[in-house]
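Just below is one structure, and these are the notes that go with it.
The values are calculated or read from the model by the stated rules, or taken from the named source; none is laboratory data. Values in this document were obtained by computation on a predicted structure and should not be read as measured data. Note that we place each Cβ from the backbone using ideal geometry, even for glycine, and neighbour counts take in every protein chain shown.
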Amino acid sequence: MSAAAQRVTSALRNTLTPTAKRLADALPRHVVDDIFGQALKRQQGVSMKYMLEFGAHPIEKQLILSAQFLHQELPVRLAHRVAELENLPFGLSTKRHVLKVRDWYVESFRDLREFPTVRDHSGEEQFTKLLRHIYTRHKNVVPVMALGVADLKRELRAKGGLSEFPEIHSFLDGFYMSRIGIRILIGQHIALHDPPQEDHIGLICAKCSPMQVAEDAIADARSVCLRQYGTAPEVDMYGDSNTAFPYVPSHLHHMMFELVKNSLRAVNDRFEDADNEPPPVRVVVAKGQQDVTIKVSDEGGGIPRSGMPRIWTYLYSTAESPIDDLELEVEGGGDGPAALAGYGYGLPVSRLYARYFGGDLQVISMEGYGTDAYLHLNRVGDSAEPLR
Ligand SMILES: Nc1ncnc2c1ncn2[C@@H]1O[C@H](COP(=O)(O)OP(=O)(O)OP(=O)(O)O)[C@@H](O)[C@H]1O
Ligand SMILES: [Mg+2]
């Protein structure tokens, strides 16, 4: 890390508010009781189909109903996460960054619980204001959690202990999945207030074009690659440009961006010193009855079979870890990592996005040749949210 970066990081350490390790020491008794009470309630799942039907005509009455639902549901979901964050294995719960995340959840929980029942238009507007605030507050949860996990990993490694943590991995899967759900619920409500966009119902585009979204994501991934390597392999697209289905374009963009970044990096690394042009990455979009499937294929040399399970774990990356840069990025209020690779979050988080609406992500590799990633997206959109 550069001297300047070190200065900023240590300045940052000092500005982070010290936070009590146990909830009971940080909060009044009645709040702790309320959190654990809400954490015992069941979370109510919502499907894309429901969101589409519900938001089709966002008249005032529906906005009020939506606000009332969120006013009940969000504290339950937040409380589940707070309770979980309080009891993580290997002492992860007491890591500085994890406590920070927990405190954001607690703050949002309290804001919501203290908010009066939404009964009319003006209550709904105030409530939406609060939702916007919460949405922004939680913006950096993924990278800040990553810093907490990275801390733990370093600590356990130094002690010569574990380097694989299935419990933590499964916690993070559930935690990030829940975050996707919370953000889509909030984002959907907020978006219903925005000026109507053609074919959009909130965040969902009823006629999302996978070719178009893929094209944008490819352009973004190639520009990151160009910045980092000074060159970027070509990406060829195959498929029917008329294909359209209801989906959340920002989710699809995220997944495609991650997959294409991975392929570009692999191809670049493999053909860096070659005389001829690197082989293009191929993106194929197919529409079936049940799924829209997108394949991202590269000739980047593949992944050894023994390494396959690890690609789905958090913080596994074969790239040099820019975790110190991440610290700066996060605290500087940036929107997230801009490097081509290195956090190890690309694949596991993309798979969560795919699964959230009933799809999936698979990666198949031929070591010595290349990798194919298959992104399956459920066309029907009636699968229930995966909650736990
Ligand atoms: N197309 C691919 N070809 C070869 N290896 C790959 C490919 N995709 C993923 N990998 C391997 O899987 C690892 C994990 O990928 P993942 O996208 O989760 O993290 P990352 O790319 O290292 O970092 P980031 O979080 O920035 O995406 C990579 O570091 C790389 O070793
Ligand atoms: Mg990646």
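Tabulated data
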| item | result |
| --- | --- |
| Failed item in (1) at pLDDT 95 or above; (2) surrounded by 19 or more Cβ atoms within 10 Å (Cβ to Cβ); (3) within 8 Å of ligand 1 (Cβ to nearest atom), with GLY301 passing the rest | (2) |
| Selection status of SER263, among the small types (Gly, Ala, Ser), at negative phi and away from ligand 2 (no atom under 16 Å from the Cβ) | no |
| Which numbered condition LEU326 misses (of (1) part of a helix (DSSP H, G or I); (2) more than 11 Å from ligand 1 (Cβ to nearest atom); (3) at pLDDT below 80) | (2) |
| Residue in region 151-171 that is of a type in the set (Phe, Trp, Tyr), outside the structural domain of VAL46 (by TED's automatic domain parsing) and on the phi < 0 side of the Ramachandran plot present | no |
| Residues of region 164-217 that turn out to be under 19 Å from LEU52 (Cβ atoms), loosely packed, with under 14 Cβ neighbours inside 10 Å and of a type in the set (Ser, Thr, Tyr), as a count | 0 |
| Qualifying position, being in contact with a Pro (Cβ under 8 Å, 6 or more places away or on another chain), more than 18 Å from ARG96 (Cβ to Cβ), touching a residue at least 24 places away in the same chain (Cβ under 8 Å) and of a type in the set (Phe, Trp, Tyr), among PHE109, PHE115 | PHE109 |
| Selection from region 51-61 of residues that are part of a helix (DSSP H, G or I) and without any contact (Cβ under 8 Å) to a residue 60 or more places away in the chain | GLU53, PHE54, LYS61 |
| Count of region 222-259 residues which are loosely packed, with under 15 Cβ neighbours inside 10 Å, of a type in the set (Asp, Glu) and over 24 Å from ASP199 (Cβ atoms) | 2 |
| Unmet requirement for ALA217, which otherwise passes all of (1) more than 15 Å from ligand 2 (Cβ to nearest atom); (2) part of a helix (DSSP H, G or I) | (1) |
| Test: residue in region 220-237 that is touching a helix residue (DSSP H, G or I) at 6+ places or on another chain (Cβ under 6 Å) and of a type in the set (Ser, Thr, Tyr) | yes |
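Okay, residues lined up against (1) in contact with a Lys or Arg (Cβ under 8 Å, 6 or more places away or on another chain); (2) closer than 26 Å to PHE171 by Cα:
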residue	(1), (2)
PHE109	no, yes
ARG113	no, yes
HIS121	no, no
THR128	no, no
LEU131	no, yes
THR136	no, yes
ASP151	yes, yes
